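Peer 1: Let me begin by handing over the structure; questions about it come next.
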């Protein structure tokens, strides 16, 4: 909980950068009419400074309450599901047994998909609160739930879920493939910071997250769709529909680099 609280400002910065459609080569503008109220952020520290200047210290922790609830719930659901799927696979295959890597992949992908789906409404609320500027879209967490339920219906809480679930399988695949490829070579080295397993795990996680990052960005763009789309700090967010149509539109309008906005904050 404490760790999540400390890094919460980076989540806000990442979300603000991911939702920004302007090129980083565009000049900074403070004219809300010129950019339809959408400020330009450039880099982590300048973005933090701008949020502090315009929204105060609490602006860096917007969406932290649903984020904390999400991470606690996600971990519990993921662990329970992982254990259940692992035991189920062992029971189903008996003495034949699946290879350890295959068992971990199936259990990991399944637990990730279940935990993600179950906690997704909290993830959506985290994004929407972090995307708010000085003008409040939602007065409170309870008010946001009521508003979405009233104006968008149950489906409104799951905007962009396809992009999230769709990234789990490639993430797990890249992670395990990279981990296995790095673990043995690193075992021949004397590492000052932990074992080769831990180092391989960290490197595999970074590579896997980078590989599926475009889906994370697409998820954020889809999460702020709906009747409140033009009320966030970026008022010029286009209308997006569907994961691959959103990807196509971003590449066409912002280039391939547009799919990796906020990656350095990750």
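Peer 1: Can you pull out the residues in the range 80-101 that are in a helix (DSSP H, G or I) and on the phi > 0 side of the Ramachandran plot? Before the answer, list the steps.
Peer 2: Going residue by residue through the range 80-101, those that are in a helix (DSSP H, G or I) are 80-96, 100-101.
Scanning the range 80-101 gives a single hit, 94.
Peer 1: Tell me which residues, restricted to the range 134-149, are in a helix (DSSP H, G or I) and within 18 Å of residue 230 (Cα to Cα).
Peer 2: Step one: list which residues in the range 134-149 are in a helix (DSSP H, G or I), which gives 141-149.
Within the range 134-149, 144, 147, 148 meet the criteria.
Peer 1: Now a separate question. Determine whether residue 228 is exposed (fewer than 15 other Cβ atoms within 10 Å of the Cβ) and touching a residue at least 60 places away in the same chain (Cβ under 8 Å). Spell out the reasoning first.
Peer 2: Numbers: exposed (fewer than 15 other Cβ atoms within 10 Å of the Cβ): no; touching a residue at least 60 places away in the same chain (Cβ under 8 Å): yes.
So residue 228 fails the test.
Peer 1: Quick one: which residue in 235, 231 is more than 25 Å from residue 185 (Cβ to Cβ) and out of contact with any helix residue (DSSP H, G or I) (no Cβ under 9 Å at 6 or more places or on another chain)?
Peer 2: So the residue among 235, 231 that is more than 25 Å from residue 185 (Cβ to Cβ) and out of contact with any helix residue (DSSP H, G or I) (no Cβ under 9 Å at 6 or more places or on another chain) is 231.
Peer 1: The conditions are (1) at pLDDT 90 or above; (2) within 30 Å of residue 11 (Cα to Cα), and residue 89 fails exactly one of them. Which is it?
Peer 2: All conditions are met except number (2).
The values are calculated or read from the model by the stated rules, or taken from the named source; none is laboratory data. As the structure is a computational prediction, the values presented were derived from the model and not from experiment. All Cβ positions, even for glycine, are placed from backbone atoms using ideal geometry, and neighbour counts span all protein chains on display.
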